[in-house]
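Trainee: Quick one: structure below, then a few questions.
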Amino acid sequence: MLYTPYMPTYQELARDSGLERPDIHALFHHLGGYNRAFLITHGDEMAEPAFAEHFTRLAARRRAGEPVAYLLGEKEFYSLTFNVGPGVLIPRPDTELLVDLALERLPQGGALVDLGTGSGIIAITIAHERPDAVVTALDISDAALDIARGNAARLAPQVRVLQSDWYAALGDGQFAVIVSNPPYIEQDDPHLEKGDLRFEPRSALTDEADGLAHIRTIIDGARTRLLPGGWLLFEHGFDQGLASRDLLDAAGFGAVQTWQDIAGMDRVSGGLAPA
Ligand code: GLN
């Protein structure tokens, strides 16, 4: 007897994948350019074999926990599409707060540096919104630099992307705004073993210490690298607002403040350059 390959319809492919609706829609759009109505209008048609094969393969990886953003190779942030991969943190909507705060404080033609840029979302979004700004993006990771350079080339080619261990590669230039979304999760936080975080680079998530180690480095270096009236702004965990403000106060920053993200959680702290 001849082997007859199973030829599922689109609807059957979707149902048998065991994935949630948003994931199914994302994969259908990514692999076939199909919109959300496609399953209603074409669901009972036999699935195109190459599509079925790709979809089945990615669905299995998704069931094993891989983040959708890594399967698609891209993630939207601030209405821009960024390439991402397992070498960088996946952009979170919480980080849009940091971008907004930096944009509000960056003077015309001002210089801004983003420490630990990852895929480049903060630096590139700011440069894309503000072509007048002089934007530098730093990261220590080769994988991150590759991805950030690709994103910059597409979205804001004027961004300077450099390899640096925090401030190490910077000369003695000063900045109007210093921003960072550093690894701020405590080393033994159980969230590191859950969900998307299991697949993200550990070095982008945790300092392998109390969560504040890199924040201390960033605050310390900003003291001499901000122009008068310049701002340091950094992202942190929902429970790190008070500790962040204490560190900023102790380092002599002014107008020290914490801002809440769209979920109402403490997410960004910052202050004015010490006089
Ligand atoms: N916001 C991320 C999370 O808690 C962590 C990102 C970071 O450490 N910078 O999932």
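Trainee: Quick one: helix 96-105 against the long Cα principal axis of the chain, what's the angle to the nearest 10°, folded into 0 to 90?
Mentor: 40 degrees
Trainee: Counting other Cβ atoms within 10 Å, keep those with at most 13, restrict to DSSP loop, and tell me which trypsin sites (Lys or Arg not before Pro) in region 1-110 are left.
Mentor: Details: sites: 15, 36, 57, 61, 62, 63, 75, 105; in loops: 36.
Here the trypsin sites (Lys or Arg not before Pro) that fit, given the DSSP loop and packing criteria, are 36.
Trainee: Keeping every protein chain in place, order 78, 6 by accessible area at 1.4 Å, biggest value first, i.e. largest first.
Mentor: Details: 78 50, 6 145 Å².
The ranking, largest first, comes out as 6, 78.
Trainee: Quick check: the angle from helix 241-250's long axis to the longest principal axis of the chain, C-alpha only, nearest 10 degrees?
Mentor: 30 degrees
Trainee: Using a ≥ b ≥ c from the Cα gyration tensor of region 211-260 (square roots of the eigenvalues), is it rounded, prolate or oblate, where a/c under 1.5 gives rounded and otherwise the larger of a/b and b/c decides, a/b for prolate? Intermediate values should be presented prior to the final figure.
Mentor: Values: a/c = 1.86, a/b = 1.44, b/c = 1.30.
Judged from the Cα gyration tensor, region 211-260 comes out prolate (a/c at least 1.5, a/b above b/c).
Trainee: Could you work out the local net charge near residue 108, counting Lys and Arg as +1, Asp and Glu as -1, over the other residues with Cβ closer than 14 Å to its Cβ?
Mentor: On the way: positive: 105, 130; negative: 104, 129, 132.
Counting the neighbours of residue 108, the net charge comes to -1.
Trainee: Amide H of residue 137 versus every other amide H placed in the peptide plane: which residues, excluding those fewer than 5 positions away on the same chain, fall under 5 Å?
Mentor: 114, 160, 161, 162
Trainee: Compute the normalised compactness of region 101-192: alpha-carbon radius of gyration over 2.2 N^0.38 Å, N being the residue count.
Mentor: Working: Rg = 13.4 Å, N = 92, 2.2 N^0.38 = 12.3 Å.
Rounded to two decimals, the normalised Rg is 1.09.
Trainee: Then there is this: Take residue 143 and residue 239, extend 7 Å from each Cα along the Cα→Cβ direction, and tell me the distance between the two endpoints in nm.
Mentor: Each label point is offset 7 Å from its Cα along the Cβ direction, giving 2.8 nm.
Trainee: Would you be so kind as to identify which of 72, 112, 90 lies farthest towards the positive end of the dipole of region 66-113, taking Lys and Arg as +1 and Asp and Glu as -1 on Cβ and the Cα centre as origin?
Mentor: 112
Trainee: Using helices alone, I'd like the mean residue ellipticity at 222 nm for the chain: each DSSP H run of four-plus residues gives -39500 (n - 2.57), total over residue count, nearest 500. If you can, show how the numbers build up before the last one.
Mentor: Working: 11 runs with 105 residues, N = 275.
Calculated at 222 nm, the ellipticity per residue is -11000 deg cm²/dmol.
Trainee: When the expected Rg is taken as 2.2 N^0.38 Å, what fraction or multiple of it is the alpha-carbon Rg of the chain? Walk me through the intermediate numbers first.
Mentor: Numbers: Rg = 21.6 Å, N = 275, 2.2 N^0.38 = 18.6 Å.
My calculation over the Cα atoms of the chain gives 1.16.
Trainee: Ok, one more. At most 16 other Cβ atoms within 10 Å and a DSSP loop assignment: could you name the trypsin sites (Lys or Arg not before Pro) in region 192-258 that fit?
Mentor: Details: sites: 194, 198, 202, 216, 223, 225, 245; in loops: 194.
For trypsin sites (Lys or Arg not before Pro) across region 192-258 that sit outside H, G, I, E and B with at most 16 neighbouring Cβ atoms in 10 Å, the list reads 194.
Trainee: Quick one: 3J(HN,Hα) in Hz for region 75-82, Karplus 6.51/-1.76/1.60 with θ = phi - 60°, rounded, Gly and Pro as x.
Mentor: With coefficients 6.51, -1.76 and 1.60, one gets 8, 7, 8, 6, 6, 10, 9, 9 Hz.
Trainee: Relative to the Cα centre, what is the charge dipole magnitude of the chain, using +1 at the beta carbon of each Lys and Arg, -1 at the beta carbon of each Asp and Glu, and rounding to the nearest 20 debye? Present the calculation step by step, with values, prior to reporting the outcome.
Mentor: Numbers: 22 positive and 39 negative charges, 102 e Å.
That gives a dipole near 500 debye.
Trainee: Still on this structure: Return the distance in nm (one decimal) between the two label points of a simple spin-label model at residue 227 and residue 202, each offset 7 Å from Cα along Cα→Cβ.
Mentor: 4.1 nm
Trainee: What percent do you get for the relative contact order of the chain when only Cα pairs under 8 Å and 6+ apart count?
Mentor: Numbers: 503 pairs, mean separation 38.0, N = 275.
Once normalised by length, the contact order is 14 percent.
Trainee: Quote the charge dipole size of region 32-109 about the Cα centre in Debye, to the nearest 20; the model charges only the Cβ of Lys and Arg (+1) and of Asp and Glu (-1).
Mentor: On the way: 8 positive and 11 negative charges, 54 e Å.
In total the dipole reaches around 260 debye.
Trainee: Looking at the chain, which longest stretch skips every one of the GluC sites (Glu not before Pro) that is in a DSSP loop with at most 16 other Cβ atoms within 10 Å, leaving the sites themselves out?
Mentor: Values: sites that count: 20, 45, 208.
The answer is 46-207.
Trainee: While we're here: How far, in degrees from 0 to 90, does helix 49-63 lean away from the longest principal axis of the Cα atoms of the chain, to the nearest 10?
Mentor: On a 0 to 90 degree scale, this one is about 50.
Trainee: So what are region 119-275's ellipsoid semi-axes, whole angstrom, largest first, if each one is the square root of 5 times an eigenvalue of the alpha-carbon gyration tensor? Provide the component values of the computation, followed by the final result.
Mentor: Details: eigenvalues 104, 96, 42 Å².
For region 119-275, the semi-axes come out at 23, 22, 15 Å.
The values are calculated or read from the model by the stated rules, or taken from the named source; none is laboratory data. Please read these numbers as outputs of a predicted model, since none were measured by experiment. Note that each Cβ is placed from the backbone with ideal geometry, even for glycine, and that neighbours are counted across all protein chains shown. Side chains included, ligands, DNA and RNA excluded: accessible areas come from the protein's heavy atoms. Shrake-Rupley method; radii C 1.70, N 1.55, O 1.52, S 1.80 Å.
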